[in-house]
Amino acid sequence: MLARASRRASAAGRAKEASKAARFASIVSKPAPFNKVMAANRGEIALRIMRGATELGCQTLGIYAHEDRFSPHRFKADESFMIGKGLSPVGAYLSIPDIVELAKQHDVGAVHPGYGFLSENANFADALSREGITFVGPPGDTLRRWGDKTMARQAAEAAGVQVIPGSEGPVRTLDDAKAFAAEAGYPVIVKAAHGGGGRGMRVVRSEEEMESAFTRASSEAAAAFGDGTVFLEKFVERPRHIEVQILADSQGNVVHLFDRDCSVQRRHQKVVEMAPALHLPAATREAILRDAVHLAEVTRYENAGTAEFLVDTSDGKHYFLEMNPRVQVEHTVTEAVTGRDIVQSQIQIAAGASLHELGLKQKDIHTVGFAMQCRLTTEDPSANFAPDSGIISVYRSANGPGVRIDEGPGFTGATITPHYDSLLAKVTAHAADFDASRRKMIRALREFRVRGVTTNKQYLIGLLSDEDFASGPVTTRFIEEHPELLDARAERERNRGERLTRYLAQVTVNGPEPTLGATGHPPAAADPILPTLPLPTTPGAPQPPPPSLYSIYKSKGPEAFARAVRASKATLITDTTTRDAHQSLLATRLRTRDILAAMPAMRAAMPNAYSFENWGGATFDVAMRFLRECPWERLSAMREAVPDVPFQMLLRGANGVGYTSYPDNAVHKFCDVAVRSGMDVFRVFDSLNYLPNLQLGMDAVGQAGGIVEAALCYTGDVTNPVQGRYDLDYFLGLARDLVEHGTHVLCVKDMAGLLRPEAATLLIGALRKEFPNTPIHVHTHDTAGTGVASMLAASRAGADAVDAAFDAMSGMTSQPSLGAIVAGLQGTERDTGLDLASLAPVNEYWEGLRQVYAPFESGQLSGSSDVFIHEMPGGQLTNLQFQSRQNNLADRWPDLKRAYAAANRILGDIPKVTPSSKVCGDLAQFMITNDLSEQEVVERAESLSFPSSVVEYLQGYLGVPPYGFPEPFRSRVLKGRTLPSGKTHFEGRPGAELEPLDFEEVEADLRKRFGERITEQDVMSAVMYPSVFADWSDFVAKYGDVSVIPTRQFVSPMRVGEEVAFEIEKGKTLIAKLKFVGEMDDSGQREVVMELNGEVRTARVLDEKHGAGRAVVARPKADKANPAHVASPMFGACVDVKVAVGDTVEVGQPIAVLSAMKMESVITATRRGEVTDVFVLVGETLNAGDLVANIKPAA
């Protein structure tokens, strides 16, 4: 019964085969050359073979390794079968017995090997021939002649074709290699005797390089071709690589399909190929074509082949290089310009057709136009072209007139493995001439979208756009001589949708970053209403008195600005909504996109404002640290939105915008860059009112061309003689010093809201009387609820400008209400000139927006008059409330306020403003956490582990407080502690003792770590906040520019079905929709499925709360900033470890060898020293950035 069933199945199979054959025969009028053609390859060339065979009426059969079971070439074949069970991914395609047996079993008439793998293996051709199966290519003897590069040289010499001087035969030992090089002279090139494609090739320029190059070339050749034999040639330094496509039949007829230029190469692998060769002298072209045909004729060549030549640009001579007895990767450009199908010609010639029968006569073959091909690969140009692997989340190909795409393994959802060649697709552009073809290629590449793996797309676009390439022709040294093309960071930066989706997925699973502090109520569901107001110059709008303060400053300078301010009858307003107000109320969490939305209306409502305070201080730090934005980009965008109102920032004197002292040249450079980036008014203050620090900041601003607004940091109460220290004489004395040093504007900076109305009248009146020509600007906080009264009093006493915030962002720890001040002065001689009706729409926007920022509200419901006791600055009061909740001290908030007052006394009763206020706050929290009284802190000072900010304050890092350091507290704390200089503390201004910064060195270090696209502004960010900048840069590399994401989705998880749209640049909008969040898998990850502009995107996100325990332990990562760390440059398997713990290594000495995509890469030592750790074993798989070894520097 089983036998009968088997016979029935066999009969059914034969009937099915007959049906297929009949169907395919109907496609063409001529008989099919073979009933069935096997594509014994993978990827794009397998697809190319199948398409060509199908058009000829042949059935197709594909083969695939287990690792390729989802590759497109498997599904494009009429039949496909897995091969190589138990073999390596590459070994499967090299298994001659398996492939021949499969061909026999399935009635294959011909096998096309494509290129690579077995395409030049004579044993394969012979094995097929013995079974009566046709090998589509030259016969075995021809393959042996041309596949062995040494035999090929001998054949060329016998035919009278000139060759490059080289070894007479295979070079089997290192000594023989060195002997040849010594005789021929360096440089030489080591080449695989079998195979091609740039595998097994190394240029050697000195004897010291020979051992490594010889070993690697042999090993790589063995891995790629199954034969590690190599030979050597003299290396021609600046050649063009020209090749000729030939076709030959079994009757001895040979034609050429003209030439190709393949000079643009990397690692001897072609990157861009062109046909015909550009600007090749006619005589040279004719000679090369003649030599190629002659060589094929005298050697009785058969089928398709490519004769390769080097043209020495120094003398124009050409040399035969090799004959590739197979179809070339770049055959598409020849097909484009000649209109001849090379793959079909191969199949037909293999079936016995003559060139005449195929209509291939030399006189009838011509070229039309110009074509070029680029290879789109999964390689990272910025990491020395390390192959990448992973899952393709988006794959969108190019198309259009004159563009041909030969696609390989790429599609959305495809897994790119490290086992094979990195070729993703071949792009061929055909046009009338070279430049039109080049432009068409650039267009086609730009249409490609590949996400999930790194590609060389941007590198190719940069190469094609290069002026030297565009003016052509180029030599094989082109890429080597243009290292600037290797900056592919732009490609990663423009991979925007993928990275932003990854961030949205991360927030969906885990919520926002914990450090962001979005712990309050969820954001409001309604968006704020965007205000619209006509500009003052629009008909119907109030006209401002020209010229504006901004235009006066820009045209006549800071002194003219100061005179104009002083001459103003109106009380001028600085709006703090975009900086200090949200710092005080919302922990500085306002994002750039929400600020920019209000700018046009604010500009229209306040055209004659003294300034918009929008930068510096905590905003600089928080932008990078928590909001993941660039503060410089915020400044630039705001300046574009408001081109005619002065911008104002806080400069912490010698502390810049940081929390410590910097070298003097760092502060000067920062101010210079800030002015050139759009900043105008610099409120220069020092947290201790330390004059030398103030003077340094003033000098830096003045030399940069900015407006110097030097500040008196107010503390105490000038109306209370009992408080004593900070009386009227103290502030007048400090003011004299600042005016004498050249300040343009004098500022009273009341950080805590201690300036009561009576004190404002007294202090401002005294300053106005003594400095009648100097503008006075007053800043306060409304913590106790006295802010509006104090600002009205200051105005009446002679203040030229006061700070205020829009009503919805005012009050409590923020600035006084703008609307209340405007109304309070309305109709008086100090009327602000502002219109409450115009301010109202802007205020409504801020009111609505504040509800979106509900997660950051401090919970404060009213003012607090106890500020007159603890003297805590407004912004710090909000921050300390937030920190107390994070540190589980919320129930001790009243104690913390009392501890703050005690800490101030311990520290010597100092002005409290960032960073001195932070010192006071840190000490207060330290006291509460450790249950220490004021007396215990002083008495136990020698044994307590104080916060570093307290120690540094006492060491003088911030300068010297007005009445000196507290003793004996200071001496007790510093006992046994020293500065790097060996001193116990600084003697004066700390910056004066610091070495100047080398900005070029800083920039070079940043470029080394983060890529070439480092700007002058980035350098200053890194100088002010080194670790914060590094962390922000790493975040952006992973998630992109998240500032474009709406705030609601930035701070809270999306819901399934929720859709959000946001603009990533003008005219480009992304629409993201959350479709699905999966269950947690065994590794603790969840699959998040989203739609991005209608395309499905998936991301796997670790559930950090519930899945951390399930996560697979990752290999340690190298720290780019740690010179002791040696990192893996790419994904790959370790095939050799060259060192052991305790070894001494030199720079460049091999540490380990990786293999990926059939290419080996040597990981070398980056410093001289001793190997203290080795983190990899032979056979282990590494990812790019994995830690390989630690090297301790040599003594």
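Some points to look at:
- Farthest towards the positive end of the charge dipole of the range 236-493, among the residues P387, A287, N399, is the Cα of N399, using unit charges on the Cβ of Lys, Arg, Asp and Glu.
- The convex hull drawn around the Cα atoms of the range 174-234, when projected onto a plane and averaged over every direction, covers 3.3 nm².
- Overall Cα dimensions of the range 724-836, principal axis frame, Å, largest first: 39, 29, 22
- Surface share of carbon and sulfur [accessible, 1.4 angstrom probe, percent] for the chain: 51
- The range 236-493 - share of DSSP beta bridges that are antiparallel (%, nearest 5): 100
- For the range 1007-1074, the orientation-averaged shadow of the C-alpha convex hull comes to 6.0 nm² (one quarter of the hull surface).
- Cα gyration tensor shape for the range 36-136, rounded if a/c is under 1.5, else prolate or oblate: rounded
- Full extension of the chain between D312 and F1076 gives 269.0 nm of extra length, using 0.36 nm per residue less the Cα-Cα distance.
- N773-S945 pseudo-label distance in nm [points 7 Å out on the Cα-to-Cβ vector]: 5.8
- Reach of K556 by Cα under 15 Å, taken over aspartates and glutamates that are not fewer than 8 positions away in the same chain: D644, D680
- Note on T519/R439: beta-carbon distance plugged into 1/(1 + (r/R0)^6) with R0 of 56 Å gives a FRET efficiency of 0.55.
- For the chain, the Cβ-based charge dipole about the Cα centre amounts to some 2840 debye (Lys, Arg positive; Asp, Glu negative; other atoms uncharged).
- Couplings 3J(HN,Hα) for the range 801-815, derived from phi with the Karplus relation 6.51 cos²θ - 1.76 cosθ + 1.60 (θ = phi - 60°), are 9, 10, 8, 8, 10, 3, 3, 5, 10, 10, x, 6, 7, 8, 7 Hz, where x marks Gly and Pro.
- Of the residues G833, I1163, T774, the one whose Cα sits farthest towards the positive end of the charge dipole of the chain is I1163 (charges of +1 on Lys and Arg Cβ, -1 on Asp and Glu Cβ, taken about the Cα centre).
- Global geometry of the range 528-654, whether rounded, prolate or oblate, following the gyration tensor of its Cα atoms and the 1.5 cut on a/c: oblate
- Against the chain, whose longest principal axis is taken from its Cα atoms, helix 558-567 shows a tilt of about 40°.
- Applying the criteria of a DSSP loop state and at most 14 other Cβ atoms within 10 Å to the chymotrypsin sites (Phe, Trp or Tyr not before Pro) of the range 917-975 yields Y963.
- Ranked by the mean number of other Cβ atoms within 10 Å of their residues, highest first, the peptides 157-165, 378-386 fall in the order 378-386, 157-165.
- Residue separation of E829 and E1104 scaled by 0.36 nm, minus their Cα-Cα distance, works out to 92.9 nm of gained length.
- Relative to the longest principal axis of the Cα atoms of the chain, the long axis of helix 664-676 makes an angle of roughly 80 degrees.
- Partner aspartates and glutamates for K30 [C-alpha distance under 20 Å; skip if fewer than 8 residues away on the same chain]: E17, E55, D249, D341, E357
- Counted over all Cα-Cα pairs of the range 664-790, pairs farther apart than 22 Å make up 37 percent.
- Model label points for D1173 and L861, set 7 angstrom from Cα along the Cα-to-Cβ axis, are 5.3 nm apart.
- Under Stokes-Einstein, with the Kirkwood radius over Cα pairs as Rh, the value for the range 330-457 at 4 °C and 1.567 mPa s is 80 µm²/s.
- Surface analysis of the range 36-136 yields an accessible area of 35 Å² per residue, using protein heavy atoms and a 1.4 Å probe.
- Mean separation of Cα contacts under 8 Å (6+ apart) over length of the range 234-336, as relative contact order %: 33
- Taking the chain and dividing mean pair separation by its residue count, relative contact order in percent (alpha carbons under 8 Å, at least six apart): 8
- Potential lengthening of the chain between K1066 and F868 amounts to 66.3 nm, from the contour at 0.36 nm per residue minus the alpha-carbon distance.
- Cα centre as origin, Lys/Arg/Asp/Glu Cβ charges: the range 1125-1193 dipole, Debye: 140
- Electrostatic dipole magnitude of the range 837-993 [Cβ: Lys, Arg +1; Asp, Glu -1; Cα centre; debye, to 20]: 340
- A 1.4 Å probe run over the range 560-829, with the rest of the protein chains in place, finds 25 Å² accessible per residue.
- The mean of 1/r over all pairs of different alpha-carbon atoms in the range 236-493, once inverted, gives a Kirkwood hydrodynamic radius of 19.0 Å.
- Cα-Cα separations in the chain greater than 40 Å, expressed as whole percent: 58
- Förster radius 30 Å - calculated FRET efficiency between L278 and S354, Cβ distance, rounded to 0.05: 0.35
The values are calculated or read from the model by the stated rules, or taken from the named source; none is laboratory data. Just so you know, these numbers come straight off a predicted model, no measurement behind them. Note: ideal-geometry Cβ built from the backbone for every residue, glycine included; neighbour counts use all protein chains shown. These area figures cover heavy atoms from the full protein model, side chains too; ligands, DNA and RNA do not enter into them. Shrake-Rupley method; radii C 1.70, N 1.55, O 1.52, S 1.80 Å.
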